[in-house]
């Protein structure tokens, strides 16, 4: 049985912007989501809902990308919001262990799942990023997680130190 590829289906024209994550969300496919968030925030979008109903797993880099977008929204002159909904128990545990639940709203089922419009688009999730750009993405994501919760410093200090050295050598 082959695994379905990871996809990010986005409705950039809704308010809030809806992102539906399917498959395994990881460092391999996080760059496109980071770029999407950056573009939407620059375009004035301030409210996001991320639907995890079909997300089977996620890693710390992916969560660090979400943290980076949420930190940007929090720091803007007109703060925004980010809601994570329909997380499976394992993904919810990861969100809480990294302290993201203090930065974003984690829906506990009170809100109906978002309807994604027929006009939603699939983000291209290229895994062919250059080694330097990939290392910078992972480094930035882990720095975001440390900014969210100082307790993450101990968890990710070795990763951050290794990646800083790697980026400096490239």
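The single condition among (1) under 14 Å from the mean Cα position of the chain (by Cα); (2) crowded, with 18+ Cβ neighbours inside 10 Å that residue 24 does not satisfy is (2). Screening residue 125 against (1) touching a helix residue (DSSP H, G or I) at 6+ places or on another chain (Cβ under 6 Å); (2) in a loop (DSSP other than H, G, I, E, B); (3) at pLDDT 90 or above leaves a single unmet condition, (3). Just a yes or no: is a residue in region 8-19 closer than 24 Å to residue 130 by Cα, in contact with a helix residue (DSSP H, G or I) (Cβ under 6 Å, 6 or more places away or on another chain), in a strand (DSSP E or B) and touching a residue at least 60 places away in the same chain (Cβ under 8 Å)? Yes, that holds for at least one residue. The numbered conditions (1) within 14 Å of the chain's Cα centre (by Cα); (2) surrounded by fewer than 22 Cβ atoms within 10 Å (Cβ to Cβ); (3) on the phi < 0 side of the Ramachandran plot are all true for residue 4 except (1).
Please tell me if residue 94 is touching a helix residue (DSSP H, G or I) at 6+ places or on another chain (Cβ under 8 Å), surrounded by fewer than 22 Cβ atoms within 10 Å (Cβ to Cβ) and outside any loop (DSSP other than H, G, I, E, B). So residue 94 fits the description; yes.
Inside region 41-61, residues that are crowded, with 20+ Cβ neighbours inside 10 Å, under 14 Å from residue 9 (Cα atoms) and free of Cβ contacts under 8 Å to residues at least 60 places away in the same chain make up a count of 4. Within region 121-131, is there a residue that is farther than 24 Å from residue 5 by Cβ and either touching a residue at least 40 places away in the same chain (Cβ under 8 Å) or buried (at least 18 other Cβ atoms within 10 Å of the Cβ) (or both)? Within region 121-131, not a single residue is farther than 24 Å from residue 5 by Cβ and either touching a residue at least 40 places away in the same chain (Cβ under 8 Å) or buried (at least 18 other Cβ atoms within 10 Å of the Cβ) (or both). Candidates in region 99-116 are the residues that are within 20 Å of residue 6 (Cβ to Cβ) and either part of a loop (DSSP other than H, G, I, E, B) or touching a strand residue (DSSP E or B) at 6+ places or on another chain (Cβ under 7 Å) (or both); of these, the one that is modelled with the highest pLDDT is 116.
Across region 72-81, not a single residue is classified as under 20 Å from residue 151 (Cβ atoms) and surrounded by 15 or more Cβ atoms within 10 Å (Cβ to Cβ).
Scanning region 34-78 for residues that are in a loop (DSSP other than H, G, I, E, B) and either farther than 26 Å from residue 156 by Cβ or touching a strand residue (DSSP E or B) at 6+ places or on another chain (Cβ under 8 Å) (or both) gives 43, 44, 45, 46, 59, 77, 78.
The values are calculated or read from the model by the stated rules, or taken from the named source; none is laboratory data. From a predicted model like this one, the values you see are computed outputs, not experimental measurements. All Cβ positions, even for glycine, are placed from backbone atoms using ideal geometry, and neighbour counts span all protein chains on display.
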